[in-house]
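Note sheet for the following structure.
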Amino acid sequence: DMHASRVLPGFTPDNKIVMLAELADEARRLYATPRVRALLERAVRFLDERCFSESLDCAQLSALTGVSYSYLKKLFVARYGLPPSRYVLRKRMEYAKTLLLTPELSVTEISRQVGYASVYYFSRVFRAETGMTPTEYRRGM
């Protein structure tokens with residue numbers, strides 16, 4: 001903050017709170033229009049419908065919404081607090097945790113059901129997100 005005071009004259013810790021509140025208001029205004037709400041609803045519906053079965057890419061989402069991915073990502077973060085890729089990752093991991101409660105399903109089968117072609121990659125991502133491997137998670141349940 002001391003550095004910020006030198007770079008931005010008049011910047012104080014109290015100003016930081018005001019600035020953050022103004023940024024939050026601006027973010028709310030960005031997605032408050034009916035057009036943007038509809039755009040985000042289409043994007044979420046698309047992600048929800050396809051996040052477990054297909055590899056998703058930015059181009060698909062941009063084509064669907066009619067805006068650039070960078071703009072969509074900005075709107076998505078402002079509305080949901082995370083980018084679309086992280087939204088998909090969270091949904092996949094939550095579904096994987098549910099499937100891991102079913103002992104009849106192998107970790108390989110679960111990885112496919114949540115959208116990963118490689119069980120090794122799935123295990124790495126799962127561990128990065130939860131702090132344990134899918135097998136460790138299953139044992140702990």
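Coordinate-derived values only; no laboratory data. A quick note: this is a predicted structure, and the numbers were derived from the prediction, not measured. Cβ sites come from the backbone with ideal geometry, for glycine too, and all protein chains shown count toward neighbours.
Would you mind calculating the gained length between ARG42 and ASP25 on full extension (0.36 nm times residue separation, minus the Cα-Cα distance), in nm to one decimal?
So the chain would gain 3.8 nm between ARG42 and ASP25.
Given the rule -39500 (n - 2.57) for each run of at least 4 DSSP H residues, summed and divided by the residues of the chain, what is its mean residue ellipticity at 222 nm, to the nearest 500 deg cm²/dmol?
-22500 deg cm²/dmol
Treating only the Cα positions of region 66-119 as identical point scatterers, give the base-10 log of I(q)/I(0) from the Debye formula at each q in 0.27 Å⁻¹.
Taken in order of the listed q values, log10 I(q)/I(0) reads -0.95.
Quick one, can you get me the convex hull of the C-alpha atoms of the chain expressed as volume per residue in Å³?
Enclosed volume per residue, from the Cα hull, is 161 Å³.
Please list, in order along region 126-135, the HN-Hα scalar couplings obtained from phi with the Karplus expression 6.51 cos²θ - 1.76 cosθ + 1.60 (θ = phi - 60°), rounded to whole Hz, x for Gly and Pro.
4, 5, 4, 7, 10, x, 8, 6, x, 5
For region 91-139, just the Cα set please: Rg and Dmax, both in angstrom.
Both quantities, over Cα of region 91-139: 9.2, 24 Å.
Using r as the Cβ-Cβ distance of ARG90 and VAL18, and R0 as 30 Å, what FRET efficiency do you calculate, to the nearest 0.05?
0.45
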